[in-house]
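The structure under discussion appears below in the form of structure tokens.
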Amino acid sequence: MRRVGPAGGFLLLASLLLARPAGCQDGSALQEGRYEEAISVATDAIGDEPNDSASRRILVRALLDVGRYEEAIAAAAPLPNLRGEALRTIGRLAEAEDAFEEAAEAAGADQLTAEFNLAEMLYNRGEKREAMSRFDAFIDVYNASADLSPADFTTIGNAVWYLGTSEPELFPDVVLAFDEAIAADPRNAEPHIRMGELFLEKYNSPEAQAVLDQALQINPNHPRALLGMAKAKAFDGQQGEALELVRRALEVNPNFVPARAFLARMALDTDDYATARSELTRALEINPASLEALSTLAALHFVRGEERQYRDVRSRVEQLNPTYSGLLTTVAEIAAQQRRYAEAAQLAGEATSLDPQSWASHAVLGLNQFRLGQIEQARTSLERSFEGDPYNVWIKNNLDLLDTFGEYELVSVPGFELMLHQDEVELLRPYIEHAAAQAHSTLTGRYGDRPRGRVRIELYPRSADFSVRTVGLAGMGALGVSFGDVLALDSPSAREAGTYNWLTTLWHELGHTIALGVSNNRVPRWFTEGLSTLDERLTQPGWKPSIMPEFLKMYDEGELPPVSRLNEGFIRPETPQHLGSAYIMASLVGEWIEETRGFDAIVEMLHGYREGRATEDIFRSVLRAEPTAIDAEFDRWLRSRADPASIERWEDLYERGRAAFEEENFPAAKPLLEEAASLFPVSGGRGSPYSLLAQIHLREGNRRAAADALIALTSRDDRAYAANIELAGILEELGDTAGAAAALERAVWIFPFEVQPHARLAELYTELDQPDLVVRERRALVGLRPTDRAEALYQLALAYQAAGDVSGARREVLRALEVAPAFDEAQQLLLRLHEAT
Amino acid sequence: MRKLFIAVALSAIQVSGAAAQARVLIISGLGGEARYVNDFHKWGTAMVDAATVRLGLPRENVIYLAEDPARDAQRINGEARIQEIQEAFREIASKAGPDERVLVLLIGHGAADSRGSRINLPGPDLTAEEFGKLVDSLGGRPVVVVNTASASGDFHESLEAPNLASITATRSGMERNETVFGRYFVAAFVEEGADVDKNGGVTVGEAFDYANAETKRSYESTNQLQMEHSRIEGNVELARSFTIGAPAVAALPADASPAVRTLYEERQRLEESVAALRARSATMEPAAYQAELERLLLELARTNRSIQDGAQ
């Protein structure tokens, strides 16, 4: 470690480390999580020999791990440090401090740990200067002692961890200390757990999981290891696994306060306020001084609008620790989770004022400023956080992302600020300008509300960058996100053609912006996702996506929560398929409400959320039914729309049809596939019967029928890029220029990065005498950076000329000649344009 | 100084009939699988047709050695064995004038290992070192070598001379997958789109740019990681001005009147002014740059129209 020097407050400590407890049992039952056995054997041993301190330690540790705190306090009577730890666990802080003092004054084996515990108590009540001075002394212990026990290494690591908050270069030493503890006693789970908790603090989930997994291999029942793993899983979006792990932790230790606080936090994520409240009540009954539980309780009061209770909890925490920033940071995080980013930034800003060295608070402030589109302020906050804690992966990723912003161009248009990558701006700008304006006008008309300010839309050509923008890490599978007035989404170039429709994603996210605005950011996720998925349909008039058999099957088999608990389907989906189905179901709920109660009811519901009312209340007042009745009514409606009993028939028809198709037995395949298409025209997993039918018709030379099948498919599937391209070709052959243009139009909106569809569409629009659209397509061709740029610019100039835009034509022909001054046709056009004016 | 510059520039105006000839040697190696055999044949014959039909090179100026001469006896001069290749180089060295430009195009599968880089031929492979010596045998003639084979990148090391430019389909011998660069390099002379300066001809440099861009687009459109990265080395200026057929810009007729000659000189001056203006665009106010650009381009267009009117 970094220093060798005066040992500060307790120079003698190092010399006292040699004293070691003698043990009568090896402690393997405790180490391996066989707690009842450990308690039983240790109790018997103490019964035989009351001075058997090793057995007593095992007994106390086991009782603490399983949450039998009062028994632990009693058993720890002759072991003051352990007694202090037991007392602290239930919030008897003054008694705990006395016990630690007693242990520190005694020249016993626990002296080092007791000194640490005393320093930590000082830290936790805001006496940081004194606490840090005491932590600092542990470095000297490390440097001066050749014979440290595994527990000593862990304690030193814990102390240096605190020092790392002001000297981040010490964090490698924390890892070093835990590593040494592990090397000295590989069967002890504790240093693995501490290492895992350290990685969790740095948002490094893979590393955290790796070491916590090692801990759980040693002791599969360790409550803290289970909780740590639960947090890592939750961080990775695996809420179902996280919940399972935290429940396992609570089975081992029902009084484990951090697990109850975490469970409450998870409940807050799903707007399950009753569970959150009950978990926190129980946690605080066990330990009324738990800062973590109090902070989460404050967050609950905040999001529920319980002002007085919120202030009371803040006051309780201030009494425990007047400089504790964790409460405000926790409230900010949960407010952000509920999409209340402006309030989150405000709270995190207060937290940084309370404790300027709270790097987590600076991070939460920066992330929320980033979400609010306050880019430079965000950069400042995040850099401040990263200076203090350069091991935070989340913040590093965000700063790395911010460093790429120089590659983007900002385009201001009425109502929007567009952030487009410099390589794509020329191609995408005409499309996104049009799409954003149309979506804005349609959605504001529909909801009777408009975004408060200018909406910023960021398009990322690299999915990893979008993912970092959204969750701080690469690898998230989502397509777009709305932070209110800031939208971020994958550019169409980020994904393979035919796998993504950025237009519907843009409408979806803008729908969130409106819903968040109407509800003052209080709309629950299930409802806003449902409305936004419903809004996607407005991108094409008359478009009505089919109900897919995969969704219906999942619904019918009870894999999805009912309407009244649909939020759980978004927060704790078992699999990505469950999440996808939750989106579909939420949109169907929206459709059902609109159909049965009118769209005004949807707006009224959003107003209900704005007033802070819970979903069940809103169901009663707006939909005029109890939640269970709502569940039943929707169920009847859905089953009238699509019959789950048809799924089996569809599967049979489709599989037999496909088999016959593959055998080229088209006469047999056709009726099977036609019937399958009448039941479910599109399937998410297996494709569409219409796709096979189109191929059969083409093989049979019936292009009209093939076109009809492809029209049926492309009118239901918003990602059918290849089918639209194929359809355009067939319709052209059939002489249907307008139909071909419509198909290519759909194709270029899905994936605008291929030259040929734009070139053909420009020609078709020329034939159809739609000069403005010819200009758009010629602009797209220039934006695709063709090798023959001069020719593309010349064609664009001609398009402008045909559209009557002489100044545009002149501008573009000059650009063409700038590239190729000898370009004869362009020179002639320039002269004609000049002569005409 | 200014007068001297103009005098030098004017001397560069080409007069029809005075342009140096070009020679093209195409060597297409073993294909192995049928699809490669067909592709290599297609590219080789297309290049022969482009050079002779489209670009007007005399047939005797083009030598095409391929895997199977019987496949197209009209276009293929012989088998692509080392002996025939050596003979072809000897023929060019003996027949080509001292200033004649030579393009050597290699098509096939390449390899690179501890024994060096090579291209697979019927019989023994041709190594980069052997190939370098053959190119040296052409003396100081302006030569551009284009190796479109896989793993061709290390060929540059054997090709160093002041009047030599070399192009390879890959960055190094480590890029060993099959390449598509050759298809697009040939397409640059066969299809529209490579003449980016619109002067009526495609230089080898333009063909390189075109093939480079289309190769990238080809990988992007199929969502594949690009496995080949072409390189141009040596006398790049030579490649940028190297045309296979007639001079790129319509040449001044030998019997041009003084008035026409003046127009040609004026056109050249204006083209150079546009180039000079573009070079200093970054230091100018955008509006001033645009105004001056438009003025020069209009003047250029009018001059060109006068030349065309005079020709009619």
Exercise. Taking the stretch B:189-206 as the search range and keeping residues that are more than 10 Å from every other protein chain (Cβ to nearest Cβ) and part of a helix (DSSP H, G or I), which one is surrounded by the fewest Cβ atoms within 10 Å (Cβ to Cβ)?
Worked result: B:V190
Seminar exercise, completed: When the stretch A:490-528 is checked residue by residue, the ones that are assigned to a loop (DSSP other than H, G, I, E, B) and under 12 Å from A:F751 (Cα atoms) are A:S491, A:R495, A:E496, A:A497, A:G498, A:T499, A:Y500, A:N501
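Residue by residue, here is whether (1) at pLDDT below 90; (2) in contact with a Lys or Arg (Cβ under 8 Å, 6 or more places away or on another chain); (3) under 21 Å from A:T323 (Cα atoms) holds:
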{"position": "A:L118", "(1), (2), (3)": "no, yes, yes"}
{"position": "A:Y123", "(1), (2), (3)": "no, no, yes"}
{"position": "A:E130", "(1), (2), (3)": "no, no, yes"}
{"position": "A:A137", "(1), (2), (3)": "no, no, no"}
{"position": "A:Y142", "(1), (2), (3)": "yes, no, no"}
{"position": "A:S145", "(1), (2), (3)": "yes, no, no"}
{"position": "A:T154", "(1), (2), (3)": "no, yes, no"}
Exercise. Taking the stretch B:284-312, which residues are within 9 Å of chain A (Cβ to nearest Cβ) and either loosely packed, with under 14 Cβ neighbours inside 10 Å or more than 15 Å from B:L270 (Cα to Cα) (or both)?
Worked result: B:Q290, B:Q308
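Residue-by-condition table, conditions (1) assigned to a loop (DSSP other than H, G, I, E, B); (2) out of contact with any Ser or Thr (no Cβ under 8 Å at 6 or more places or on another chain):
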{"site": "B:S150", "(1), (2)": "yes, no"}
{"site": "B:A161", "(1), (2)": "yes, yes"}
{"site": "B:S166", "(1), (2)": "no, yes"}
{"site": "B:T170", "(1), (2)": "yes, no"}
{"site": "B:E175", "(1), (2)": "yes, no"}
{"site": "B:G182", "(1), (2)": "no, no"}
{"site": "B:A187", "(1), (2)": "no, yes"}
Exercise. Consider B:V145 against the criteria (1) more than 23 Å from B:D68 (Cα to Cα); (2) under 15 Å from the mean Cα position of the chain (by Cα): it satisfies all of them except one. Which criterion is unmet?
Worked result: (1)
Exercise. What residue, among those in the stretch A:271-290 that are among the acidic types (D, E) and not in a helix (DSSP H, G or I), is nearest to A:I73 (Cα to Cα)?
Worked result: A:D272
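Report the residue count in the stretch B:129-148 for those that are aliphatic (A, V, I, L, M) and either modelled with pLDDT under 95 or in a loop (DSSP other than H, G, I, E, B) (or both).
Filtering the stretch B:129-148 for residues aliphatic (A, V, I, L, M) gives B:134-135, B:138, B:143-146.
Now drop any that are not either modelled with pLDDT under 95 or in a loop (DSSP other than H, G, I, E, B) (or both), which leaves B:138.
Matching residues across the stretch B:129-148 total 1.
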Seminar exercise, completed: Restricting attention to the stretch B:76-122, the residues that are outside any helix (DSSP H, G or I) and more than 20 Å from the chain's Cα centre (by Cα) number exactly 20
For this session: Just give me the residues in the stretch A:478-530 being of a type in the set (A, V, I, L, M), touching a Ser or Thr at 6+ places or on another chain (Cβ under 8 Å) and away from chain B (no Cβ under 14 Å), in sequence order.
Result: A:A478, A:L479, A:V481, A:L487, A:A488, A:L489, A:L503, A:L510, A:I514, A:A515, A:L516
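Which of the residues that make up the stretch B:141-160 are surrounded by 24 or more Cβ atoms within 10 Å (Cβ to Cβ) and not aromatic (F, W, Y)? Give the steps one after another, and end with the answer.
Residues of the stretch B:141-160 that are surrounded by 24 or more Cβ atoms within 10 Å (Cβ to Cβ), as a first pass: B:143-153, B:155.
B:V143, B:V144, B:V145, B:V146, B:N147, B:T148, B:A149, B:S150, B:A151, B:S152, B:G153 - these are the residues of the stretch B:141-160 that are surrounded by 24 or more Cβ atoms within 10 Å (Cβ to Cβ) and not aromatic (F, W, Y).
Scan the stretch A:783-803 for residues that are touching a Lys or Arg at 6+ places or on another chain (Cβ under 7 Å) and away from chain B (no Cβ under 11 Å) and report the count. Step through it out loud before you land on a result.
Filtering the stretch A:783-803 down to residues touching a Lys or Arg at 6+ places or on another chain (Cβ under 7 Å) leaves A:790, A:793, A:795-796, A:799.
Of the ones still in play, those that are also away from chain B (no Cβ under 11 Å) are A:795-796, A:799.
Residues in the stretch A:783-803 being touching a Lys or Arg at 6+ places or on another chain (Cβ under 7 Å) and away from chain B (no Cβ under 11 Å): 3 in total.
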Problem set entry | Evaluation of B:Y219 against (1) within 10 Å of another protein chain (Cβ to nearest Cβ); (2) at pLDDT 85 or above (one fails), failing number | (1)
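The values are calculated or read from the model by the stated rules, or taken from the named source; none is laboratory data. Everything quoted here is computed from the prediction, not taken from an experiment. Don't worry about glycine lacking a Cβ; one is built from the backbone with ideal geometry, like all the others, and counts go over all protein chains shown.
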